[in-house]
């Protein structure tokens, strides 16, 4: 199926969203709540585009809008840029000291009116939901959205250390604004008001994950391994094995 984006035609794949198609063809559409493996949330609305079907034109979130044959899309019209700027301005006023949001605002030439900005506000969370999604996909659901309206935030139940948290750090890894505090010090990881003992890699000796995370993964795989290897060393071992196999083949 063919989709027209900014006056150029692109071949789409059944099941793709507009954002998928754009990213695959290196068309820039900003987004905050979208990462590979965590698609289709439609929370931040930065990925809005104009879509024309027949004689009707509408504004949609490209990360959740499925492609159709004959769609005409504009990603950077004056209307869309103005709407994106308004969204970024709201984010800037919510998180005035966050470096990621400040850089985004600078890119779009946005400065928040000083009378609306509290420079003592150290909030970093933009409620994109990626951390909650990551925790759900890990299978623990230790964190979630709590409260409503202006007091809505991400937390553990009653802000207490969650019995379901395994300290894997997936939530902090996907957070675009580094809003989640994860501290590794002296073999201890502190996250979500809870402390975990870190495990050393059996190859390089570096701390890399928590005992609880390893036990959780082993339980899902139905096996127990006494070899704890970090991702860096795993990649190195696989690379060396591939190189050895390649040399032996030739």
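The values are calculated or read from the model by the stated rules, or taken from the named source; none is laboratory data. No experiment lies behind these values; they were computed from the predicted model shown. Glycine gets a Cβ as well: all are built from the backbone with ideal geometry, and neighbour counts include every protein chain shown.
Going through the range 163-199 one residue at a time, which ones are more than 26 Å from residue 34 (Cα to Cα), in contact (Cβ under 8 Å) with a residue 24 or more places away in the chain and not in a strand (DSSP E or B)?
193
Identify, by number, the condition in (1) in contact (Cβ under 8 Å) with a residue 40 or more places away in the chain; (2) more than 25 Å from residue 127 (Cα to Cα) that residue 222 doesn't meet.
(1)
From the set of residues in the range 119-141 that are farther than 17 Å from residue 38 by Cα, surrounded by 12 or more Cβ atoms within 10 Å (Cβ to Cβ) and over 17 Å from the mean Cα position of the chain (by Cα), which is modelled with the lowest pLDDT?
Across the range 119-141, the extreme among qualifying residues is 121.
Taking the stated definitions as given, is residue 199 touching a helix residue (DSSP H, G or I) at 6+ places or on another chain (Cβ under 9 Å) and within 25 Å of residue 236 (Cα to Cα)?
yes
For residue 128, all conditions in the list (1) touching a residue at least 60 places away in the same chain (Cβ under 8 Å); (2) in contact with a strand residue (DSSP E or B) (Cβ under 6 Å, 6 or more places away or on another chain) hold save one; what is the number of the exception?
(2)
Do we find that residue 28 is touching a strand residue (DSSP E or B) at 6+ places or on another chain (Cβ under 9 Å), loosely packed, with under 13 Cβ neighbours inside 10 Å and farther than 16 Å from residue 127 by Cα in this structure?
For residue 28, the condition - touching a strand residue (DSSP E or B) at 6+ places or on another chain (Cβ under 9 Å), loosely packed, with under 13 Cβ neighbours inside 10 Å and farther than 16 Å from residue 127 by Cα - is not met.
List the pairs whose first member sits in the range 103-115 and is not assigned by TED's automatic domain parsing to the domain that holds residue 178, whose second member is part of a helix (DSSP H, G or I) and surrounded by fewer than 17 Cβ atoms within 10 Å (Cβ to Cβ), and whose Cβ atoms are under 7 Å apart, counting only residues at least 6 apart or on separate chains?
108/85; 110/85; 112/93
Could you grab me the full set of residues in the range 52-83 that are in a strand (DSSP E or B), within 20 Å of residue 9 (Cβ to Cβ) and within 25 Å of the chain's Cα centre (by Cα)?
60, 66, 73, 74, listed by residue number.
Only one of these conditions is not met by residue 234: (1) in contact (Cβ under 8 Å) with a residue 24 or more places away in the chain; (2) under 30 Å from residue 34 (Cα atoms); (3) in a helix (DSSP H, G or I). Which number is it?
Of (1) in contact (Cβ under 8 Å) with a residue 24 or more places away in the chain; (2) under 30 Å from residue 34 (Cα atoms); (3) in a helix (DSSP H, G or I), only one is false for residue 234: (1).
Across the range 58-112, what is the number of residues that are crowded, with 17+ Cβ neighbours inside 10 Å, out of contact with any helix residue (DSSP H, G or I) (no Cβ under 9 Å at 6 or more places or on another chain) and over 19 Å from residue 22 (Cβ atoms)?
1
Please work out if residue 54 is surrounded by 14 or more Cβ atoms within 10 Å (Cβ to Cβ), at positive phi and without any contact (Cβ under 8 Å) to a residue 40 or more places away in the chain. Please lay out each step first, then the result.
Numbers: surrounded by 14 or more Cβ atoms within 10 Å (Cβ to Cβ): no; at positive phi: yes; without any contact (Cβ under 8 Å) to a residue 40 or more places away in the chain: yes.
Spelling it out, it is not the case that residue 54 is surrounded by 14 or more Cβ atoms within 10 Å (Cβ to Cβ), at positive phi and without any contact (Cβ under 8 Å) to a residue 40 or more places away in the chain.
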